[in-house]
Amino acid sequence: MHCRKCPRSAVIKMPRHNTALCKDCFTEFVRTQVRRAIASHRMFTADDRILVAVSGGKDSLALWSILLQLGYRADALYVNLGIGDYSVQSRQKVQRFTDTVAAPYRVTLHIHTIEQEQGAGIRELATLVRRPTCAACGTMKRYQFNRVAVERDYDVMATGHNLDDEAARLLGNVLHWQTDYLDKQAPVLPASLDGFAKKVKPLHRLTEREIAAYALLHRIDYIVDECPMAKGSKLLAYKHALNQLEMESPGTKQNFYLQFLERRAASPDAHHTMAEQDRQHLHPCTACGQPTSAEVCSYCRMMARARAEAGAPAH
Ligand code: AMP
Ligand code: FES
Ligand code: ZN
């Protein structure tokens, strides 16, 4: 099989683009998709300081490496959730990547360890507050990502969410008509007010398979296992369903998600919305000062409940 762009041998078939590419042309394709995402959503410029949230997985490590290669100033944040062996291994992957691939760029890796701050890992905290681990983990990560970005004065926070993640989330939101979440589902969330970091997803045009291939071709050493808590999650079921459809008709995933973004951008009341709504509804949490629509933010409520439960007598 030949590359469709040059005489070399192809290393990857890409049915959604009806093409096959060699390593160099594929690498260029991936970088072009990232550049396009950054430019078309005005994510950041070469002057901005970017904080990449890295989990040790393929997406976030690939993102960090691509941003550095494209010449951006990108540091990273790893949140150690204390999920046994999974966290030990993912932390090692992040550290190794920082010491090797990222080292020539003189980057900083911030590590936030939940156990150090809260005295317990995310599974114990979730049990204390009687919430599913992934839900408690989501609240925790969002909070820490935002806090570190704001406190350390980064211009923007980037995560490794890819096309599969975003299409699966969109499918879930549509199936349940969660219109509030639909409004918030965007590759860019603006820094609408003080204490709220701008958040971006520069990999949203690339599929999980493409990013895995990129990581493999560029010898990025990442943690292959999914978080053990994610087993049986709804999002995985939606990803699976979309993959079935994608096999039947290539391009389904990208049409579903990217056309959702295009149609929304074209609607007349599209853009005053998010930043305006945030400004109207958000104010500082009375406990920690981070923006929230309630009096006390969901993170502070969760932690207060965990403290109360930990101190409560057993019955
Ligand atoms: P997930 O929700 O696990 O699919 O992760 C989505 C994105 O969140 C990843 O691509 C990372 O950018 C970020 N992320 C997830 N877990 C962590 C973590 N423990 N520390 C830092 N960033 C993370
Ligand atoms: Fe949060 Fe698995 S990464 S529960
Ligand atoms: Zn708070």
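Readers should treat all values here as calculations from the given coordinates under stated rules, not as data from a laboratory. This is a predicted model, so every value here is computed, not measured. Heads up, the Cβs are rebuilt from the backbone with ideal geometry, glycines too, and the neighbour counts pull from every protein chain shown.
At-a-glance table
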quantity	calculated
Dipole magnitude of region 45-176 about its Cα centre (Cβ charges: Lys, Arg +1; Asp, Glu -1), debye to nearest 20	240 debye
Whether region 179-311 is rounded, prolate or oblate, judged on the alpha carbon gyration tensor where a/c under 1.5 counts as rounded	oblate
Magnitude of the charge dipole, region 102-211, Cβ model with Lys/Arg +1 and Asp/Glu -1, debye to 20	80 debye
Highest average packing first - 237-249, 150-162, 117-129, Cβ atoms within 10 Å	150-162, 117-129, 237-249
Rounded if a/c under 1.5, otherwise prolate or oblate - the chain, Cα gyration tensor axes	prolate
Top of Lys231, Lys253, Lys199 by mean-square fluctuation, Gaussian network on the chain, Cα under 10 Å	Lys231
Estimated [θ] at 222 nm from DSSP helical runs (n ≥ 4, -39500 (n - 2.57)) normalised by residues in the chain, nearest 500	-16500 deg cm²/dmol
Region 73-133, dipole about Cα centre (Lys/Arg Cβ +1, Asp/Glu Cβ -1), debye to the nearest 20	180 debye
Shape category assigned to region 114-184 from the gyration tensor of Cα positions, a/c cut at 1.5	oblate
Positive-end residue of Cys137, Thr27, Pro202, charge dipole of the chain with Cβ unit charges	Thr27
Partner aspartates and glutamates for Lys253 [C-alpha distance under 15 Å; skip if fewer than 8 residues away on the same chain]	Asp164, Asp165, Glu166, Glu208, Glu210, Glu262
Reachable lysines from Lys141, criterion Cα separation under 25 angstrom, eight or more residues apart if same chain	Lys58, Lys93, Lys184, Lys198, Lys199, Lys201, Lys231, Lys234, Lys239
Dipole axis of region 54-124 (+1 Lys, Arg; -1 Asp, Glu on Cβ), positive-most option in Leu70, Leu81, Thr108	Leu70
Order by protection proxy (mean Cβ within 10 Å, highest first), peptides 80-86, 36-42	80-86, 36-42
Sequence ranges 2-9, 301-308, 137-144, ranked by mean other-Cβ count within 10 angstrom, highest first	137-144, 301-308, 2-9
